[in-house]
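The values are calculated or read from the model by the stated rules, or taken from the named source; none is laboratory data. These numbers come from a predicted model, not from an experiment. Cβ coordinates were reconstructed from backbone atoms using ideal geometry, including for glycine residues, and neighbour counts include every protein chain displayed.
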Protein chains: 2
Amino acid sequence: MTTIKDIAQKSKVSVATVSYVLNNTRWVHEEKRKRVLEAISELNYVPNAVARGLRVQKSKAISFVVSDITNPFYPDLAKACEDLAQTKGFTINILNTDDKPDRTQLALNQVREGKVDGIIVTSALEQDREHFQKFMEQGYVIVLANRFIKGLQVDSVVADNFSGAVMATNHLYQLGHRKIAFMPGIIGSSITESRLNGYLKAMEDAGLTIYPEWLTSGEARYSGSYNTTKFLLGLPEEKRPTAILSLTDIGALGVLDAATDLGISVPDDLAVIGFDDLFISGTRSIQLTTVSIPRYEMGNLATSLLLERLEKSGKPEFQEIVLPVELIVRKTCGKQK
Amino acid sequence: MTTIKDIAQKSKVSVATVSYVLNNTRWVHEEKRKRVLEAISELNYVPNAVARGLRVQKSKAISFVVSDITNPFYPDLAKACEDLAQTKGFTINILNTDDKPDRTQLALNQVREGKVDGIIVTSALEQDREHFQKFMEQGYVIVLANRFIKGLQVDSVVADNFSGAVMATNHLYQLGHRKIAFMPGIIGSSITESRLNGYLKAMEDAGLTIYPEWLTSGEARYSGSYNTTKFLLGLPEEKRPTAILSLTDIGALGVLDAATDLGISVPDDLAVIGFDDLFISGTRSIQLTTVSIPRYEMGNLATSLLLERLEKSGKPEFQEIVLPVELIVRKTCGKQK
DNA sequence: CTGAAAGCGCTTACAG
DNA sequence: CTGAAAGCGCTTACAG
């Protein structure tokens, strides 16, 4: 491995000078400068980032934590993060938590260990609150994206999930549906809560009744949604929903498949709406009506918030950004009944 | 920030001793040991990984490079990598190349800079050959997954793409198809090449003719495949394929949608087969016949190859693993004609 | 304009 | 069983 010392020797200057030309951080006599540059290219030298990091106490890396990168929702976020980070010379670490709090701790430790300078978490849960609180008190920087934690003072960028759920529910109502079920996701997630609240509000405003059986899911993935749908569609006539609002598009796929397997046709006998607007949802074979979440923008903003806070170590106001969402009407709700 | 020195002072031992209890690397008198442990938990100390990394010349991190994490094929690979890496205390960096060679260079530099110990690249291209060659000559470690580079001496784990294409083509042939088109992907990728060769071989063995127009794609994504399909289906009768073999499932979705938009029904008027067997492909609305690629296993093996090579610095034989694939027959090819 | 030297926070021979 | 000290490869006050 060739180091700065080798370059210094070969070009007959001090290591200091090499460092200065490397970083362009002070004027160096043209001739020396040239010698240094030559030595660098001859010896194929690339500076050691770890040594530099130790010295300047910065790693130029950030962690991006997701609950499951395998869920097509997250790669878009991660991509946005990497795209921006890369232009600033930052490297990005991915960490899957599977929504397990101890995995999130692992991510926090990456910054305590100095491996990364800051962290973006898209998988915040209510039970993380104290850990995050303490983490920030220790002076570390974190920004929340996608899911926030109520009342926690921290930078965050989320979608307007409440309004999204209201819009979706109203859409169903306007189409003539009166028995509208909502399938919540994991508890402790602000997404489940905001969307549930939006649904509840819209149902109440419409004077519709909600059967407790409708709110049992707790699992927004494909198979959980598939099973819940079979349960819902097996309910006695009066309680059997004519419309299902799924927490995610992936979940909605489970709803669709369960309906198919039950011989129930969508949208004629059942309306379904998802959340996210994944690429796949727009496909001719799916045509899912859904609430679109601006994922790329969310990842981008979260990253720029983090990078900003990393630059200026002051303690400016925390920013809580809420991104607007949009109802994308396609084919899974059908026409006016 | 609290350092090993603080712990040493507080517990009245040397920093060496602290280090030894931290790493459990030599026997320490029980009493001192206890004092150290107490100090650690009282001061909430966590060792600095960067300093350690500099000292031992290891970062305990690896890079995982993909062409585009947004393509649902890759997250499964990445997940496998992280799952395994995490159990060994390794952290993983994700880097998207968009199939641009200079981005790949960035990844190589991450290891030259000491940020990561090794690298798994799933997006190798023929034009990377020399860079990888030199990289390895410099003593750095790399393993190729998914795509390999012919003749390059390096650890690799890929799927048996050739056989997959043969199986797919034969399936179509047995169903009665005689005009079977193949839509290649990016050139320089071993995947395009192996699958193309498999297709060519099967077509030849069956004595079928191939029109050059059939091989024009060069784009395995959705929109490229969509457009190519429109082109193929617009060909004069004799050259118009009755079956299309897409390089990927995502591409096959484009084929499906183009057919739909053209009013051509699948599988009655057009058979389509993909590659990958993404989750979505098995869904009731898609039911895509496809060649399944064992992604998770591929990521897992690649990671364990890398980790192995990182441990034993000797130069054992390079391993070239080829994973078997499977034809998953679903609904997009229909019955015997 | 330039260099010698301290120091970032660790680990690990070396000596006792 | 334990400690003082060198050193990993850089950057950056400090002094000239």
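Whenever a residue of region A:11-22 is assigned by TED's automatic domain parsing to the domain that holds A:Val36, its partners that are within 6 Å of DNA strand D (Cβ to nearest atom) and part of a loop (DSSP other than H, G, I, E, B), lying with C-beta atoms within less than 7 angstrom and at least six residues away or across chains, give the pairs A:Leu22/A:Pro47. In the set (1) in contact with a Pro (Cβ under 6 Å, 6 or more places away or on another chain); (2) buried (at least 17 other Cβ atoms within 10 Å of the Cβ), A:Leu323 fails one condition alone, (2). For region A:266-297, filtering for residues that are surrounded by fewer than 21 Cβ atoms within 10 Å (Cβ to Cβ) and of a type in the set (D, E, K, R) leaves 4.
In the set B:Asn23, B:Asn71, B:Asn44, only one residue is surrounded by fewer than 14 Cβ atoms within 10 Å (Cβ to Cβ) and over 25 Å from A:Gly139 (Cβ atoms); that residue is B:Asn23.
Does B:Val18 satisfy the condition of being within 11 Å of DNA strand C (Cβ to nearest atom) and more than 20 Å from the chain's Cα centre (by Cα)? Against the criterion (within 11 Å of DNA strand C (Cβ to nearest atom) and more than 20 Å from the chain's Cα centre (by Cα)), B:Val18 qualifies. The residue of region A:34-60 that is farthest from A:Ser190 (Cα to Cα), among those that are more than 7 Å from chain B (Cβ to nearest Cβ) and of a type in the set (Gly, Ala, Ser), is A:Ala39.
Only one of the numbered conditions (1) free of Cβ contacts under 8 Å to residues at least 60 places away in the same chain; (2) facing another protein chain (nearest Cβ under 8 Å); (3) buried (at least 21 other Cβ atoms within 10 Å of the Cβ) is violated by B:Asp76, and that is (1).
When residues in region B:195-218 are screened for being buried (at least 19 other Cβ atoms within 10 Å of the Cβ) and either part of a helix (DSSP H, G or I) or touching a residue at least 60 places away in the same chain (Cβ under 8 Å) (or both), 7 of them pass. Among the conditions (1) hydroxyl-bearing (Ser, Thr, Tyr); (2) surrounded by 15 or more Cβ atoms within 10 Å (Cβ to Cβ); (3) out of contact with any Asp or Glu (no Cβ under 7 Å at 6 or more places or on another chain), the only one that A:Thr87 does not satisfy is (2). In region B:43-83, of all residues being more than 16 Å from DNA strand C (Cβ to nearest atom) and in contact with a Leu (Cβ under 8 Å, 6 or more places away or on another chain), the one that is nearest to A:Leu108 (Cα to Cα) corresponds to B:Glu82.
When you check A:Thr332 against the structure, is it in the same structural domain as A:Phe182 (by TED's automatic domain parsing), surrounded by 13 or more Cβ atoms within 10 Å (Cβ to Cβ) and within 22 Å of A:Leu247 (Cβ to Cβ), yes or no? No: the conditions fail for A:Thr332. Of the helices (runs of 4 or more DSSP H) contained entirely in region A:1-120, those carrying at least 1 residues that are near DNA strand D (Cβ under 9 Å from one of its atoms) and closer than 30 Å to B:Thr70 by Cβ fall at A:49-56. Residues in region B:44-60 include at least one that is within 25 Å of B:Asn300 (Cβ to Cβ), out of contact with any Ser or Thr (no Cβ under 7 Å at 6 or more places or on another chain) and touching a residue at least 12 places away in the same chain (Cβ under 8 Å). I need the full set of residues from region A:1-15 which are among the charged types (D, E, K, R) and more than 10 Å from DNA strand C (Cβ to nearest atom), in order please. Correct list: A:Lys5, A:Asp6, A:Lys10. Residues that are among the aliphatic types (A, V, I, L, M), touching a Leu at 6+ places or on another chain (Cβ under 6 Å) and either under 23 Å from B:Arg52 (Cα atoms) or surrounded by fewer than 23 Cβ atoms within 10 Å (Cβ to Cβ) (or both) do not occur anywhere in region B:120-131.
Across region B:116-135, the number of residues qualifying as within 14 Å of chain A (Cβ to nearest Cβ) and aliphatic (A, V, I, L, M) comes to 3. With respect to being within 17 Å of A:Ala107 (Cα to Cα) and in contact with a Leu (Cβ under 8 Å, 6 or more places away or on another chain), B:Pro101 falls outside the description. For region A:248-265, check the following and say yes or no: at least one residue is on the phi > 0 side of the Ramachandran plot, in the same structural domain as A:Met183 (by TED's automatic domain parsing) and of a type in the set (S, T, N, Q). No: zero hits. Taking residues in region A:95-115 that are within 11 Å of chain B (Cβ to nearest Cβ), and partners anywhere that are of a type in the set (Lys, Arg), the pairs with Cβ atoms closer than 8 Å and at least 6 places apart or on different chains are A:Leu95/A:Arg103; A:Asn96/A:Arg103; A:Asn96/B:Lys79; A:Thr97/A:Arg103. Scanning region A:22-47 for residues that are aromatic (Phe, Trp, Tyr) and over 41 Å from the mean Cα position of the chain (by Cα) yields one hit, A:Trp27. Among the residues here, A:Val28 does not qualify as in the same structural domain as A:Lys312 (by TED's automatic domain parsing) and at negative phi.
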